[in-house]
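Some notes on the structure that comes next.
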Amino acid sequence: MKFTFTEKRMDSSDELRAYTEKKVGKLDRFFKTESTAYVTFSMERGRFLAEITISNNGLFYRASELTNDMYASVDSSVAAIERQIRKNKTRLEKRLREGALEREVKPSYMPAEEDEAEEFNIVRSKRFSIKPMSPEEAILQMNLLEHEFFVFRNDEEDGAISVVYRRKNGGYGLICDEPAN
């Protein structure tokens, strides 16, 4: 597993990094291909925040914990990610299709150039590959990332660009691209 560490408003020790690599590295047994772990250590109001994101074959698992001890934050985040992996791996394998977790998709993120507009101020821009999946897979991925919406190519609509989103009154919505005539 590859690790990327980031620190905000604090400095981390080598012992903390080694401890985190050991704990997060144990999650590597769940994946068939090499994963990447992004770990952010920060301090908020005298408490320690550990944010861990694991990327594997286009799927992301993310957890963050805020406690009085950074080691406890790391432990809680790892436990939360392990629960996510177990829950969603069995659900994907059973409900959707075999090999759903083995697909090779490499998203590429490109930071946007700063461009000043009079009326609209775009503060962040991302580029990523839109992968084919079912709406159920897209909802799972959206929930894993804790986002409000998720863009994907809909397998059930011949690869049409689609968006799933969380509705304010509960449930989910699906927006599909209409083919040009």
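The values are calculated or read from the model by the stated rules, or taken from the named source; none is laboratory data. Because the structure is a prediction, the values reported are computed rather than measured. Ideal geometry is used to build each Cβ from the backbone, glycine not excepted, and the neighbour counts take in all protein chains shown. Protein only, heavy atoms only, side chains kept; ligands, DNA and RNA dropped before computing areas. Shrake-Rupley method; radii C 1.70, N 1.55, O 1.52, S 1.80 Å.
Check the range 1-21 and report whether any residue there is touching a Gly at 6+ places or on another chain (Cβ under 6 Å) and either without any contact (Cβ under 8 Å) to a residue 24 or more places away in the chain or not in a helix (DSSP H, G or I) (or both). Yes, because at least one residue in the range 1-21 is touching a Gly at 6+ places or on another chain (Cβ under 6 Å) and either without any contact (Cβ under 8 Å) to a residue 24 or more places away in the chain or not in a helix (DSSP H, G or I) (or both). Scan the range 134-146 for residues that are closer than 24 Å to Glu178 by Cβ and either free of Cβ contacts under 8 Å to residues at least 24 places away in the same chain or open to solvent by 30 Å² or more (accessible area, probe 1.4 Å) (or both) and the total you get is 2.
Only one of the numbered conditions (1) under 22 Å from Thr33 (Cα atoms); (2) modelled with pLDDT of 80 or more; (3) open to solvent by less than 50 Å² (accessible area, probe 1.4 Å) is not met by Arg83, and that is (3). Quick check on the range 48-69. Is at least one of its residues exposed (fewer than 15 other Cβ atoms within 10 Å of the Cβ), modelled with pLDDT of 90 or more and of a type in the set (Phe, Trp, Tyr)? No, every residue in the range 48-69 fails to be exposed (fewer than 15 other Cβ atoms within 10 Å of the Cβ), modelled with pLDDT of 90 or more and of a type in the set (Phe, Trp, Tyr).
For the range 1-20, the criterion of being closer than 26 Å to Ser129 by Cβ, of a type in the set (A, V, I, L, M) and surrounded by 19 or more Cβ atoms within 10 Å (Cβ to Cβ) is met by none of the residues.
I need the full set of residues from the range 140-181 which are hydrophobic (A, V, I, L, M, F, W, C), over 19 Å from the mean Cα position of the chain (by Cα) and part of a strand (DSSP E or B), in order please. Let's see the steps before the verdict.
Looking only at the range 140-181, we keep the residues that are hydrophobic (A, V, I, L, M, F, W, C), and these are 140, 142, 144-145, 149-152, 160-161, 163-164, 174-176, 180.
Filter once more, keeping what is over 19 Å from the mean Cα position of the chain (by Cα): 160-161, 174-176, 180.
Listed by number, the residues that qualify are Ala160, Ile161, Leu174, Ile175, Cys176.
Specify the residue that is farthest from the chain's Cα centre (by Cα); the eligible residues are those in the range 118-139 that are acidic (Asp, Glu) and not in a loop (DSSP other than H, G, I, E, B).
Going through the range 118-139, the residues acidic (Asp, Glu) turn out to be 118-119, 136-137.
With not in a loop (DSSP other than H, G, I, E, B) added as a condition, the list becomes 136-137.
On the way: Glu136: 16, Glu137: 13 Å.
Ranking the qualifying residues of the range 118-139, first place goes to Glu136.
The residue that is most open to solvent (accessible area, probe 1.4 Å), among those in the range 25-47 that are of a type in the set (S, T, N, Q) and over 12 Å from Met1 (Cα atoms), is Thr40.
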